[in-house]
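The values are calculated or read from the model by the stated rules, or taken from the named source; none is laboratory data. The structure displayed is predicted, hence computed values, not measured ones. In this analysis, Cβ positions are derived from the backbone assuming ideal geometry, glycine residues included, and neighbour counts consider all displayed protein chains. The accessibility values were calculated without ligands, DNA or RNA, using every heavy atom of the protein model including side chains. Shrake-Rupley method; radii C 1.70, N 1.55, O 1.52, S 1.80 Å.
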Amino acid sequence: MDSEFKELYQQVILDHNKNPKNFGHLTTCNHQSVGMNPLCGDHLKLELQISDDDVIDDIKFSGDGCAISRASASIMTSIVKGKAIEEAKEYFHQFHDMVMNEEEPTEELDERIAVFSGVKEFPARVKCATLSWHTLIAAIDGNETISTES
Ligand code: ZN
């Protein structure tokens, strides 16, 4: 990774950690899930309001976690809010493939997702970055808790 990109990565993480988007609770929600990453101690709750035609009308997160898990949750919620469930799942796959694969991505990535490619340099933090995405899928599928270690 070139140093300019590394700086961008760190800046994005710091900004979202300090001023997270969609942090808090919804007044009404019909899907929720709690995600845990015991390796780091990240603990994240997602609340979603999904419409009858499968659009994520609103989403918020709460909980405690490291800067990477919070920044990832902040960015993930910004990306999927207002999107159809199917579209949100495509973003999940984009993110997951990017952080789990050694190869450079071939498809064009959403730039908010691409910034997390930097996490590959810190393998211990990959689960911090993917936690919010796994919790999103769990909430959509109706699973109330997930853990990165199960
Ligand atoms: Zn973490």
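To keep it simple, each residue is scored yes or no on (1) within 16 Å of the ligand (Cβ to nearest atom); (2) touching a Lys or Arg at 6+ places or on another chain (Cβ under 7 Å); (3) at pLDDT below 95.
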{"site": "Asp42", "(1), (2), (3)": "yes, no, no"}
{"site": "Arg112", "(1), (2), (3)": "no, no, yes"}
{"site": "Gly118", "(1), (2), (3)": "yes, yes, yes"}
{"site": "Gly142", "(1), (2), (3)": "no, no, no"}
{"site": "Ser150", "(1), (2), (3)": "no, no, yes"}
Filter the range 131-150 down to the residues that are closer than 17 Å to Tyr91 by Cα and either over 13 Å from the mean Cα position of the chain (by Cα) or open to solvent by 10 Å² or more (accessible area, probe 1.4 Å) (or both) and list them by number.
His134, Ile137, Ile140, Asp141
What number of residues within the range 57-100 are over 13 Å from Asn22 (Cα atoms) and among the hydrophobic types (A, V, I, L, M, F, W, C)?
11
Just give me the residues in the range 51-89 being within 16 Å of the ligand (Cβ to nearest atom), touching a residue at least 40 places away in the same chain (Cβ under 8 Å) and not β-branched (Val, Ile, Thr), in sequence order.
Phe61, Gly65, Cys66, Ala67, Ser69, Arg70, Ala71, Ser72, Ala73, Ser74, Met76
